[in-house]
Structures are given as structure tokens and as C-alpha cells.
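Below are the C-alpha cells for one structure; questions will follow.
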Amino acid sequence: MLTTPLYEAHKRIGARLIDFGGWEMPVMYRGIQEEHVYTRTASSIFDVSHMGRLYFTGPDTEALLQHVCTRNVSKLKVGRSGYSHICNEQGGILDDVIVSRYEDKWLMVCNAGNREKIVAHLKQHMQGRNVKMDDTTTQSVMVAIQGPATMDLFARHMPIKVGEVARYGFVSGSYMGQKYSVFRSGYTGEDGLEVILSAGTGVLVWDYLTQDGGQDRVTIKPAGLGARDTLRLEAGMPLYGHELNESVDPLSAGCAWCVDLEKEFIGASVLRKIAAEGPRRKLTGLVLEGKRIARQGAKVFTGETEAGIVTSGTLSPTLEKSIAIAYIDSARLASGDKLSVEIKDQRIGAAVVPLPFYKRGS
């Protein structure tokens, strides 16, 4: 099993570690709910070094990325990032990625469990193109710092003008001889940053940012993958292996905004047909009656007719309601019939609500 450069730091502060996508990762430190609430009210730091970091150079890089990505990456300016899907020929999602454009290179961040698959896919489509790919995943650290106090706290600690960076923008440079990239993005629904550093520097920065500031000071505290999942679910953000997989297309997943059907890319012809006919099923938010949690795989019904399936569910710490994301047959959604979710042979009433469940500032 792989470990990140921050592994010893996690053990030192008592993290509970689990296997996640072939990596031994912290699921929590103090408790999922406490870490969730602290992220919503202050600032938390997450080790996301398990995510793939693939750099590309060469004159044909942009053409390669245009071919494999649903998004029109040619529209990205230097210093900007964009969310995209990578599809197979049938329009199924191989992975969801973030693509960033530097002055002299491109970066793709992919999911940990899909890294080997995506690297192989990219190598296949690099053939005949003048492109070099450098997988730096195991040689660097990536942390996500999220929450309403993040920008102020990070600026206090680091001499980087992050307040001037727009959402989905990034800055890169060097500090004391060490290179860095700081992105204003994240996966929690809060404002925040994602930072890429060398392995050794990353360990020092983690310890520096999480040092105890005393009882009267707000500090950046570690949070694990458990809170990251409940936070992203409240924010209506899809997770690969739950909402996204190779049998799901981006339009059904509610991600048409990251698909440019006017350009050619792998799977485009299939997606154009789905767009013309309308998706057969749609990704939908549900709020359940009571506090019982609908887990992935729970069936959704309209009356006695099976109408869909839950992909993610939790008891929302912020809303104090049982929430779920599900794929529902489009025809059933249009009927307006009352829905229910089957949890351990019991049908629990559920109401359709728009995603996201939680929006910053609301």
C-alpha cells in the first residue's frame, strides 16, 4: 500500500488510517462531525497527496488534452484551472480531473484510484504526438486548506498574495529555493486553497500551518477523508465511484457545464445524441424524512415502482437532515410522484431538492 510523505505526521497526531484507492490515508483525527463543522466555520487542512499529479510538456500537449477532455481546455488562460471529464468512446466517465495551464506546461490532477488507468489512457493517445508526461504523484505533497478563515490564516503564515487569486486561478513560484503552486479551489463547498510542494517542504509546511496557536487563536486543524466526503456531499459535488463511473455520462451526472459539444473529443458523438434526446436518468438531491441514512445502492421508489438508486448519503452535520444524491429515471421525476428510499426493508419518504444542499453564505 502506498503512503504519502505526510504519513508519519498523521500517525504522530493519532489519525485513524484506512485504505483509500491503494493509499493508507487518514479518515479522521478528532471525529468526522467535529472536523466537518470546523471546516465550515474556520479552516481545515487535508492531505490530498494521493491524487494523481501529471505534468505535460511539448508542442502537442494542448491538442492531446482537447482530444481526451470534455472541456474546451484551449479557452483556459495561463494561471487558470478547469474541471473536466475524461470519457471513453461510449461517453462513460473514465475520471473527473482538474486541468491547469502554466506558461510552459500543463497539469492534470486525477483521482488516486484512477491514476494508473488514466496514465495508460493518456499514453495510448499520446502516440504520434510530441508530448512528454511526468507523473510526480509520489514525489510531491498536495494539501487542501478549506474554510472561511483560510485566506486570512494562510496569508499570515506564507508570503504569497493568495487574496488576489480568483476562484479556479492559481499562482506558482519559489520561496526559499522551493517551488510551489497555490490554487484557489477545493472540494468542500468552502473558499480555500490547494497547494502543491516538494515532499520535504510539504512536511515542514504541514507542521508549520497546524502548530497550536493557543486557546484564543483560530488555527488550521487537520481533517480527514471522512469529513471531506460529508462536506462535498452537502456541496453536491460528485465523487468517482459513487456518482461517476464508466457506465455514467457527464450529462446524466448534471455536469453539462464541463462539456463542450461543439468540439471533437473522445465520446463526443454519443454525448451529442444524449443531449438531443435528453438523459434517461438524472442526478438528483433528496432529503429524507427522519434521521436514517440512505447508503450507496439503496433503491428509490415511486409508489411500488423502482425509480432510481442512491449514490451517496449522510446525515448532514450542517443541515441536520438526512440527505442523499441519487440517479432517478427522468420520466419519474417529471411525474411529480412522491418518492421513497428503501433502507433495510423499510420505505422512507424523500423529497426531491436541487443540488447543492449547502451553498457558502446561505
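What do you reckon, is SER269 assigned to a helix (DSSP H, G or I), over 19 Å from ALA324 (Cα atoms) and among the hydroxyl-bearing types (Ser, Thr, Tyr)?
yes
Mind telling me which of the residues GLY285, GLY290 ends up being closer than 23 Å to GLY349 by Cβ, in contact (Cβ under 8 Å) with a residue 40 or more places away in the chain and surrounded by fewer than 17 Cβ atoms within 10 Å (Cβ to Cβ)?
GLY290
When you scan the stretch 306-340, how many residues do you find that are among the basic types (Lys, Arg) and either closer than 26 Å to GLY361 by Cβ or crowded, with 19+ Cβ neighbours inside 10 Å (or both)?
Count: 2.
Follow-up question, since we're still on this one. From the list VAL205, VAL195, VAL171, exactly one residue is free of Cβ contacts under 8 Å to residues at least 60 places away in the same chain and closer than 20 Å to MET151 by Cα. Which is it?
Just a single option satisfies the conditions, and that option is VAL195.
Would it be correct to say that ILE145 is assigned by TED's automatic domain parsing to the domain that holds SER44, farther than 25 Å from LEU251 by Cα and either touching a residue at least 24 places away in the same chain (Cβ under 8 Å) or not in a loop (DSSP other than H, G, I, E, B) (or both)?
yes
Take the stretch 169-184 and flag every residue that is more than 24 Å from ASP229 (Cα to Cα) and either assigned to a loop (DSSP other than H, G, I, E, B) or over 22 Å from the mean Cα position of the chain (by Cα) (or both).
GLY173, SER174, TYR175, MET176, GLY177, GLN178, LYS179
Does ALA307 count as within 30 Å of ARG40 (Cα to Cα) and either out of contact with any Ser or Thr (no Cβ under 8 Å at 6 or more places or on another chain) or in contact (Cβ under 8 Å) with a residue 40 or more places away in the chain (or both)?
no
With respect to GLU246, is the statement that it is among the acidic types (Asp, Glu) and touching a residue at least 24 places away in the same chain (Cβ under 8 Å) true?
Spelling it out, GLU246 is indeed among the acidic types (Asp, Glu) and touching a residue at least 24 places away in the same chain (Cβ under 8 Å).
Okay, moving on. Go through the stretch 105-134 residue by residue and tally those that are surrounded by 15 or more Cβ atoms within 10 Å (Cβ to Cβ) and in a strand (DSSP E or B).
Residues flagged as surrounded by 15 or more Cβ atoms within 10 Å (Cβ to Cβ) and in a strand (DSSP E or B) within the stretch 105-134 amount to 6.
Having 3 or more residues that are touching a helix residue (DSSP H, G or I) at 6+ places or on another chain (Cβ under 7 Å) is the bar; report the strands (runs of 3 or more DSSP E) wholly within the stretch 283-362 that clear it.
Of the strands (runs of 3 or more DSSP E) lying wholly inside the stretch 283-362, those with at least 3 residues that are touching a helix residue (DSSP H, G or I) at 6+ places or on another chain (Cβ under 7 Å) span 305-315.
Taking strands (runs of 3 or more DSSP E) that do not extend beyond the stretch 1-96, which have at least 1 residues that are in contact with a helix residue (DSSP H, G or I) (Cβ under 9 Å, 6 or more places away or on another chain) and farther than 21 Å from LEU197 by Cα?
16-20, 23-28, 80-87
Can I ask one more? Hey, can you tell me all the residues within the stretch 81-104 that are under 23 Å from LYS132 (Cβ atoms) and surrounded by fewer than 17 Cβ atoms within 10 Å (Cβ to Cβ)?
TYR102, GLU103, ASP104
Keeping to the stretch 16-39, report how many residues are under 17 Å from the mean Cα position of the chain (by Cα) and either under 29 Å from GLU320 (Cα atoms) or modelled with pLDDT of 95 or more (or both).
7
Which of the residues that make up the stretch 1-54 are among the basic types (Lys, Arg) and either within 24 Å of CYS110 (Cβ to Cβ) or crowded, with 22+ Cβ neighbours inside 10 Å (or both)?
ARG53
Assigned by TED's automatic domain parsing to the domain that holds ILE348, surrounded by 17 or more Cβ atoms within 10 Å (Cβ to Cβ), assigned to a loop (DSSP other than H, G, I, E, B) and modelled with pLDDT of 95 or more: is that true of ALA253 in this structure?
No; evaluated as a whole, the condition is false for this residue.
Here is a follow-up. May I ask you to list the residues in the stretch 227-250 that are surrounded by fewer than 22 Cβ atoms within 10 Å (Cβ to Cβ), acidic (Asp, Glu) and outside any helix (DSSP H, G or I)?
GLU246
Further, regarding this structure: Does TYR187 satisfy being outside the structural domain of SER330 (by TED's automatic domain parsing), in a helix (DSSP H, G or I) and within 25 Å of THR137 (Cβ to Cβ)?
Criteria not met by TYR187.
The values are calculated or read from the model by the stated rules, or taken from the named source; none is laboratory data. Remember, it's a predicted structure, so these values are computed and weren't measured experimentally. Ideal geometry is used to build each Cβ from the backbone, glycine not excepted, and the neighbour counts take in all protein chains shown.
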